[in-house]
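Accompanying notes for the structure given below.
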Amino acid sequence: MIVNDFKIIIRAKKVPVNINNEIIKYIQDTTMQNNHLHCKIFFQNSLIAQGIILDFYKEFEILEDFNGVPFTHILRFEYNGREHQSYTKFGKTIYKMKYLNNPPIKNEIRELYIDKIISYFNGYINSLKKNYTNLNIAYIPSQSKIPNDIANRLSIINKIPLISNISKNSLISSKSIIDLSTQKFDKYFIDLSQLNINNNFIVIDDVMGTSTSICETMYKLYNFNKKVNFFFIPVKDVKR
């Protein structure tokens, strides 16, 4: 299993160009009614997973250089004499929950953010429940606890079993993954001993960056149950 075995097709109303990621292919669809990203993950041309991402992490626009070649430009603004990157609505939400630690945001505000995110995912889960009776919810563990909390709340509201069988290799950092061609798929371990091969799985993550985490996780689940499984992620990084 190598990176080149995977391909992610992302369909959205607005998409970046010339990103440095050989796994991902964007398809612009201006007929879409919202800013959500509809994703499909393929392994060796076989569909193994489908997912929804609510929006990109940061605001961007497509510009052209002086030779007419388009490129992706992250929007910025100036505040108090400093330049800041501009985040989308969901991007601001995730950023505040992940990185505002001194002081952290108040618990009641964090709860409101989680509720807002799951209100969107609930619509898609209700659609899945019409076609699948054997769904389970799992999450990719994060120091931010965002996937944990989203998965737990979705499990309770939708009466879908929650499983916490995905663990992370603490020696590998997502931020250290720069060259995808040399990436090994040993960042996550999934305890399959208590899982049922007849089940379908919904995996929750907080941010899709290079996409190696979600590829590894969804591949291991597909290899277990030989079914197309699902994932929900609040935001996608623009240039990774």
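The values are calculated or read from the model by the stated rules, or taken from the named source; none is laboratory data. Please read these numbers as outputs of a predicted model, since none were measured by experiment. Heads up, the Cβs are rebuilt from the backbone with ideal geometry, glycines too, and the neighbour counts pull from every protein chain shown. Heads up: the accessible areas ignore ligands, DNA and RNA and are worked out on the full protein's heavy atoms, side chains in. Shrake-Rupley method; radii C 1.70, N 1.55, O 1.52, S 1.80 Å.
Of note:
- Positive-end residue, the chain charge dipole about Cα centroid, Cβ charges, pick of 69, 144, 123: 123
- Unit charges on C-beta of K, R, D, E only; dipole of the chain, Debye: 520
- Modelled spin-label separation between residue 25 and residue 100, with each label point placed 7 Å from Cα along the Cα-to-Cβ direction: 4.0 nm.
- Qualifying trypsin sites (Lys or Arg not before Pro) in the range 35-122, DSSP loop, other Cβ atoms within 10 Å at most 11: 106
- Percent antiparallel among DSSP beta bridges (both partners in the chain, rounded to 5): 55
- Kyte-Doolittle at least 1.6, axis length at least 30 Å by Cα - qualifying DSSP helices, the chain: none
- Most to least accessible of 72, 133 (protein chains only, probe 1.4 Å): 133, 72
- Eligible aspartates and glutamates near residue 14 by straight Cα distance, threshold 12 Å, same-chain separation 8 or greater: 29, 55, 59, 61
- Extension gain (nm, one decimal) between residue 46 and residue 196, 0.36 nm per residue minus Cα-Cα: 51.8 nm
- Matching label, Cα Rg over 2.2 N^0.38 Å computed from the structure shown, candidates (1) 1.02; (2) 1.59; (3) 1.52: (1)
- Whichever lysines have a C-alpha closer than 16 Å to that of residue 130, once near sequence neighbours (fewer than 8 apart) are set aside: 159
- Rough spin-label spacing in nm, given labels placed 7 Å along Cα→Cβ, for residue 109 and residue 9: 4.1
- Per-residue accessible area (protein heavy atoms, 1.4 Å probe) orders 99, 132 as 99, 132, starting from the largest.
- With all protein chains modelled, accessible area of residue 64 [1.4 Å, Å²]: 130
- Ranked by solvent-accessible area (1.4 Å probe, protein heavy atoms only, all chains present), the residues 71, 230, 66, 42 order from largest to smallest as 66, 71, 42, 230.
- Apolar share of the accessible surface for the chain: 48 percent from carbon plus sulfur atoms, 1.4 Å probe.
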